[in-house]
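Peer 1: Structure below; questions to follow.
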Amino acid sequence: MPWDLAQAFTLDLTPQAGDIDGLNHTNNAVYVQWCERIGWAHSEALGLNLGDYHRLDRAMVIRQAHYDYLLPSLLGEPLVLGTWITASDGKLTMERRFQLVRASDKATILRGHWHLVCVELTSGKPRRMPEAFCSIYLPALTAA
């Protein structure tokens, strides 16, 4: 795939009937759900899951999300979604990027990024990333 960055964590996707909107292409909200799905899959592959977040009373939550919808995708069209962790201050914030590519012609359908902040789940307040987050997420950083 023509990835924007090296070593993408990927997920194969194919729009289903429920993903298609009144304009006969994949609804933009579906792309957002796919980004959430791959974000969790990548975190779990690295070694942190939702149970760990609760145990540590910390979570990386989306502070800001941006999506560039470049081309439509259609029912049954094979797609590949890639993600990377591209920045972190090692204390409170992290950035995750996304790229959705159509398998047939390698065209980029979507690019997106999230700015994430670490919060304490019990209070909802920003808190420093625990050592477990730093030791797992920081080595996974890909230069943007």
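Peer 1: Looking at region 1-31, which of its residues are assigned to a helix (DSSP H, G or I) and not hydrophobic (A, V, I, L, M, F, W, C)? Working first, answer last.
Peer 2: First, the residues of region 1-31 that are assigned to a helix (DSSP H, G or I): 17-19, 28-31.
Scanning region 1-31 gives G18, D19, N28, Y31.
Peer 1: Continuing with this model, one more query. What is the number of the single condition among (1) under 18 Å from R128 (Cα atoms); (2) over 17 Å from the mean Cα position of the chain (by Cα); (3) not aliphatic (A, V, I, L, M) that P72 does not meet?
Peer 2: (1)
Peer 1: For residues in region 1-27 being exposed (fewer than 13 other Cβ atoms within 10 Å of the Cβ) and under 15 Å from the mean Cα position of the chain (by Cα), which is nearest to P130 (Cα to Cα)?
Peer 2: Q7
Peer 1: Hey, W34 hits all of (1) exposed (fewer than 15 other Cβ atoms within 10 Å of the Cβ); (2) touching a Leu at 6+ places or on another chain (Cβ under 8 Å); (3) assigned to a helix (DSSP H, G or I); (4) hydrophobic (A, V, I, L, M, F, W, C) but one; which does it fall short on?
Peer 2: Only one criterion is unmet by W34, namely (1).
Coordinate-derived values only; no laboratory data. Nothing here was measured: the structure is a model prediction, and the numbers come from that model. Quick reminder, even Gly has a Cβ in these numbers, built from the backbone with ideal geometry, and neighbours come from all protein chains shown.
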